[in-house]
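Here's the structure, in structure tokens; my notes come after.
The values are calculated or read from the model by the stated rules, or taken from the named source; none is laboratory data. What you see is a predicted model, and the numbers here were worked out from it, not measured in a lab. Here the Cβ is made from the backbone with ideal geometry for all residues, glycine too, and neighbour counts use every protein chain on show.
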Amino acid sequence: MALSKQEIKTAYPLPSYNYRVEIAGVAIGFSEVSGLSISRETTTYKESPTAGGAPGPVVMNMPSQRATASVSLKKGLVKTTSVATLYSWINSIQLNQVEKKDIYVRLCDESGNAVISWKVVNAFPKKLDAPSFSASSNDAAIESMELMADAILIEEA
């Protein structure tokens, strides 16, 4: 039995290529985003055995504070936007004025409307890589930026 259009829209996964990235409210076209991971550090507790209990210490692993987020963004090098946005952002750190920004990665439906968003909180650049150069290739020049952030939150639209 064939599925209706509405059933397909609700039951099928969204394609990963239909997304947009906003840095401090400005949409910038990135070709790849990775590292949107939410994780916790762990703490190990060791307790002495109780009288009449099992021999040896009792070991418990417990979640502790949120792990630092590291997000990687890649985009084609475009003369007008690359220097104006990414380079100037990482260059501002030299002046000891870290400008932290919130970044949204929004997964969109076929109409371009955001369905789910990952909010990267208080991100700042930690590394900006220039493209790899090769005289035997005709690939686009891709620059990448690595960001450090306080947290990653998931928001539904």
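Please note which strands (runs of 3 or more DSSP E) are completely contained in the stretch 1-114 and include at least 3 residues that are touching a strand residue (DSSP E or B) at 6+ places or on another chain (Cβ under 6 Å), touching a residue at least 12 places away in the same chain (Cβ under 8 Å) and not charged (D, E, K, R). Strands (runs of 3 or more DSSP E) meeting the threshold: 19-23, 40-47, 58-66, 69-76, 101-108. Is it the case that some residue within the stretch 86-109 is modelled with pLDDT under 95, closer than 18 Å to residue 16 by Cα and either loosely packed, with under 15 Cβ neighbours inside 10 Å or in contact with a helix residue (DSSP H, G or I) (Cβ under 6 Å, 6 or more places away or on another chain) (or both)? Yes, the stretch 86-109 has at least one match. Here the condition is being surrounded by 14 or more Cβ atoms within 10 Å (Cβ to Cβ) and either within 23 Å of residue 130 (Cβ to Cβ) or basic (Lys, Arg) (or both); of 75, 79, 46, it holds for 75 alone.
Note on the stretch 15-36: residues that are of a type in the set (D, E, K, R) and under 16 Å from residue 113 (Cβ atoms) total 2. Confirm whether residue 38 is of a type in the set (Val, Ile, Thr) and modelled with pLDDT of 90 or more. Against the criterion (of a type in the set (Val, Ile, Thr) and modelled with pLDDT of 90 or more), residue 38 qualifies.
Apart from one condition, residue 20 fits all of (1) within 17 Å of residue 108 (Cβ to Cβ); (2) in contact with a Leu (Cβ under 8 Å, 6 or more places away or on another chain); the exception is (2).
Answer with yes or no whether residue 134 is exposed (fewer than 14 other Cβ atoms within 10 Å of the Cβ) and more than 20 Å from residue 76 (Cα to Cα). Working first, answer last.
Values: exposed (fewer than 14 other Cβ atoms within 10 Å of the Cβ): yes; more than 20 Å from residue 76 (Cα to Cα): no.
The answer is no for residue 134.
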